[in-house]
Amino acid sequence: MVFAEVGCHGVAEGAALALAGTEGELVAPKRKSPRATCAVARAARPIDPAMRGLARGRLVIVGIGPGAAEWRTPQATMALAEADTVVGYGLYLDLVGDLIAGKPRHGSELGEEEARVRIALDLAAEGKSVALVCSGDPGIYALATLAFELLERGGRADWTRLEVTVAPGISALQAAAARAGAPLGHDFCAISLSDLLTPRATVLARLQAAAEADFVTAIYNPQSKTRRALLPRARAIFAAHRPQETPVILARNLGRADETVTVTTLAEFDTAGVDMLTLVMIGSSQTRKTPAGRVYTPRGYAGKQKPLDDRAW
């Protein structure tokens, strides 16, 4: 079992002698307890631990939210500050440039997600502390899922020994909701319209189910330059199950200098101007827009309250 796992038939004595060097000698043979083994070797001269052996690698998959510092968690900030090296899409690395200044950067382009995760895992396997940077939350349509999938099916013993942590971030649906008001006050769901990895029939079935179930629905990856068919289909599906005045939120470039948040209705929703930087949120049949332009979905609390007695004031 030991040989299959680490490539040698004994660990404690071999590790002690390897660290002591060729002139070292074993002075305490292996002893074992129910949970550990230990052996001691004497080195001929002092040992610099920084130059010998390999530390356990650490990978933190960091969600930086929309990118603005005020929307980044302390855990994410700490992970970036403590990392030896950082990996990510170039734009996301630029958004945290002040935190990673002077650190080795391994940037890549959109569409190279698997290569990006493999680079991060390989660097961590070398004993480094690596931050894999994602926008939004790394577990929502982002790289945390891909990392765990590669760890599971990769067949790499050096990867399975890594310490892997996920540092959550504010997702686009949370940011859009906060900017617009409180549209996620009742049940909601998220659906990606990208059919590059999910069959189109599955995407359409999920849209239909969300529309029939009356969920507030956040739509990620709504359309690109080449994928133009599904967003109009989504609008039509929801229009068949919701009032035409149902609020629709279009939130683009959240947390950045050119941020825009537009509230329209299902009847007036024009899909032509939507791109991959836009989060589309379609309200439920209960979602409301206040006279001040704020959007919210009531959960029913107010209806259960007794009318206020003016004398109480």
Between E245 and E82, the two model label points (7 Å from Cα along the beta-carbon direction) sit apart by a distance in nm of 5.3
With Cα springs under 10 Å, the Gaussian network model of the chain assigns the largest mean-square fluctuation among A43, A115, A201 to A43
Length gained if E163 through R31 is fully extended, taking 0.36 nm per residue and subtracting the Cα-Cα distance, is 44.8 nm
Here D for the chain, in µm²/s, from Stokes-Einstein with a Kirkwood Rh over Cα pairs at 20 °C and 1.002 mPa s, works out to 93
Within the chain, pairs of Lys residues whose Cα atoms are less than 30 angstrom apart, provided they are eight or more positions apart or on distinct chains, add up to 5
Here the relative contact order (percent) of the chain, from C-alpha pairs under 8 Å and at least 6 apart, is 15
Rounded to 0.05, the calculated FRET efficiency for the beta carbons of A292 and R153 at R₀ = 51 Å is 0.50
Per DSSP, the loop-located trypsin sites (Lys or Arg not before Pro) within segment 10-105 having at most 14 other beta carbons within 10 Å are R35, R52, R56
Checking A240, A292, A257 against a Gaussian network model of the chain (alpha-carbon springs below 10 Å), the top fluctuating residue turns out to be A292
The correct pair for segment 58-170, radius of gyration to one decimal and Dmax as a whole number, both in Å and from Cα atoms, is 12.6, 39
The extension gain from R105 to T262, computed as 0.36 nm times the residue separation minus the Cα-Cα distance, is 53.0 nm
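Given DSSP loops and a limit of at most 15 other Cβ atoms within 10 Å, what is the longest stretch of the chain that contains no such GluC sites (Glu not before Pro)? Can you show the working numbers first?
Numbers: sites that count: E23, E109, E112, E126, E245, E259, E268.
Longest gap between qualifying sites, sites excluded: 127-244.
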Taking a ≥ b ≥ c as the square roots of the eigenvalues of the Cα gyration tensor, with a/c under 1.5 meaning rounded and otherwise prolate when a/b exceeds b/c and oblate if not, segment 166-295 is rounded
Between H106 and residues 5 or more places away or on another chain, the pairs with built amide H atoms under 5 Å apart involve V86, V87, G88
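Each reported figure results from applying straightforward, stated rules to the coordinates on display, with no laboratory input. Computed from a prediction, not measured in an experiment: that's the story for all the values here. Glycine also receives a Cβ, built like all others from the backbone with ideal geometry; neighbour counts cover every protein chain displayed.
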